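Chemist: Here it is, the structure, as structure tokens.
The values are calculated or read from the model by the stated rules, or taken from the named source; none is laboratory data. In this text, all values refer to a predicted model and were calculated from it rather than measured experimentally. Note that we place each Cβ from the backbone using ideal geometry, even for glycine, and neighbour counts take in every protein chain shown.
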Amino acid sequence: MMNKEKDTLFILFLLVLSFSSFSQKGVFSFPNFMSQTFSDVQNNPNWNILSKASGDLNLDEHRDLTLVLETRDSVFEKRCSGCKLLKNKPRVLLVLLGDEISYKVFIQNNKFIARGDEGGMASYIQPELSIRNNNLIIYYQFTRSNISYSFEYAKGKMIINRARVNSVQSATGDFEGNIYNFKKKNIIVTTGNISEEEDEVDTLKLSVQPKTLSKFQEMMEWEVAPDKYL
């Protein structure tokens, strides 16, 4: 009897070990694109270029690139430590600086870019990228809201300098617009109703330090002021 119990326990141990190993292997692991050229990224067989923008970020008179990549195939991904392991198409944000010869990746962020199914009521979302006035702009349009982030190059980093969030309540027509200015350290909050002419404008203090693009986690997780998230 004791031998049967030992055999049963041993089999259970092997099953648990096997399941644990499978779970670890099942979690998607991001490749390291750092220092790769645009040609390397473009020719990666496992990733598609979803969005792209070009322009001068570091004021060296050479065009730079920013890319959003998405996996060609769906894989299992955990978006946070407490999240379930779900099948998804992960996305990566890359910023590449250019010179006379090529572009090379100097920033990679695996978390900040929202996945296609993370748009709430919007069935699918995709970021719009642009480089304007030496700033990288990342813009999302949702069903009844939109959000944009602006980053500028400084001392080898991309640092947020502005953000804008607008939303409208479908049932009431009430709207709210928030302009975050990290240089002036304030938030301009505009509220009103789409059927009324006069809006109310308030200025709030913005006391948090600007965050670098590399440090951004999932979108709308950073509390920059009470009940204000980016």
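Chemist: Of the residues THR8, THR66, THR37, only one is of a type in the set (Ser, Thr, Tyr), over 20 Å from the mean Cα position of the chain (by Cα) and modelled with pLDDT of 95 or more; which? Full working, then the answer.
Modeler: On the way: THR8 fails: modelled with pLDDT of 95 or more; THR66 fails: over 20 Å from the mean Cα position of the chain (by Cα).
Residue meeting the stated conditions: THR37.
Chemist: Tell me whether region 137-149 contains one or more residues that are within 14 Å of the chain's Cα centre (by Cα), of a type in the set (Gly, Ala, Ser) and under 21 Å from GLN108 (Cα atoms).
Modeler: Yes - at least one qualifying residue is present in region 137-149.
Chemist: Quick check: is even one residue across region 109-119 polar (S, T, N, Q) and either crowded, with 19+ Cβ neighbours inside 10 Å or closer than 17 Å to LEU67 by Cα (or both)?
Modeler: Within region 109-119, one or more residues are polar (S, T, N, Q) and either crowded, with 19+ Cβ neighbours inside 10 Å or closer than 17 Å to LEU67 by Cα (or both).
Chemist: While we're looking at this one, here's another question. Quickly run through region 171-230 and pick out the residues that are over 23 Å from LYS157 (Cβ atoms), part of a strand (DSSP E or B) and of a type in the set (D, E, K, R).
Modeler: If the condition is that a residue be over 23 Å from LYS157 (Cβ atoms), part of a strand (DSSP E or B) and of a type in the set (D, E, K, R), then ASP174, GLU176, GLU200, ASP202, LYS205, LYS228 are the ones that fit.
Chemist: Collect the residues in region 144-158 that are surrounded by 14 or more Cβ atoms within 10 Å (Cβ to Cβ) and more than 15 Å from GLU176 (Cα to Cα), keeping them in residue-number order.
Modeler: TYR149, SER150, PHE151, GLU152, TYR153, LYS157, MET158
Chemist: If a residue must be out of contact with any helix residue (DSSP H, G or I) (no Cβ under 8 Å at 6 or more places or on another chain) and in a loop (DSSP other than H, G, I, E, B), how many such residues does region 59-87 contain?
Modeler: 15
Chemist: Could you check how many residues of region 69-88 are of a type outside the set (Val, Ile, Thr), at pLDDT 95 or above and surrounded by 14 or more Cβ atoms within 10 Å (Cβ to Cβ)?
Modeler: Residues that pass the stated criteria total 2.
Chemist: Here is a further query. Within region 103-117, can one find any residue that is more than 29 Å from SER170 (Cβ to Cβ) and of a type in the set (Asp, Glu)?
Modeler: no
Chemist: Okay, moving on. Limited to region 123-141, what total is found for residues that are surrounded by 14 or more Cβ atoms within 10 Å (Cβ to Cβ) and in a loop (DSSP other than H, G, I, E, B)?
Modeler: Count: 3.
Chemist: Could you please tell me which pairs satisfy a Cβ distance under 8 Å, a separation of 6+ or placement on different chains, a first residue in region 194-209 that is over 14 Å from ASN181 (Cβ atoms) and without any contact (Cβ under 8 Å) to a residue 40 or more places away in the chain, and a second residue that is not charged (D, E, K, R) and not in a strand (DSSP E or B)?
Modeler: Correct list of pairs: ILE194/GLY173; SER195/GLY173.
Chemist: Next question, about the same structure. Kindly evaluate LEU97 against the criterion of being more than 14 Å from the chain's Cα centre (by Cα), in a loop (DSSP other than H, G, I, E, B), touching a residue at least 40 places away in the same chain (Cβ under 8 Å) and under 19 Å from SER214 (Cα atoms).
Modeler: On the way: more than 14 Å from the chain's Cα centre (by Cα): yes; in a loop (DSSP other than H, G, I, E, B): no; touching a residue at least 40 places away in the same chain (Cβ under 8 Å): yes; under 19 Å from SER214 (Cα atoms): yes.
When the stated conditions are applied, LEU97 does not pass them.
Chemist: Further question: Looking at (1) surrounded by 14 or more Cβ atoms within 10 Å (Cβ to Cβ); (2) within 15 Å of LEU213 (Cβ to Cβ), which is the one condition that is false for ILE188?
Modeler: Checking ILE188 against (1) surrounded by 14 or more Cβ atoms within 10 Å (Cβ to Cβ); (2) within 15 Å of LEU213 (Cβ to Cβ), the one that fails is (2).
Chemist: Output the number of the condition that GLY120 fails; it satisfies all remaining conditions of (1) outside any loop (DSSP other than H, G, I, E, B); (2) in contact with a Ser or Thr (Cβ under 9 Å, 6 or more places away or on another chain).
Modeler: Of (1) outside any loop (DSSP other than H, G, I, E, B); (2) in contact with a Ser or Thr (Cβ under 9 Å, 6 or more places away or on another chain), only one is false for GLY120: (1).
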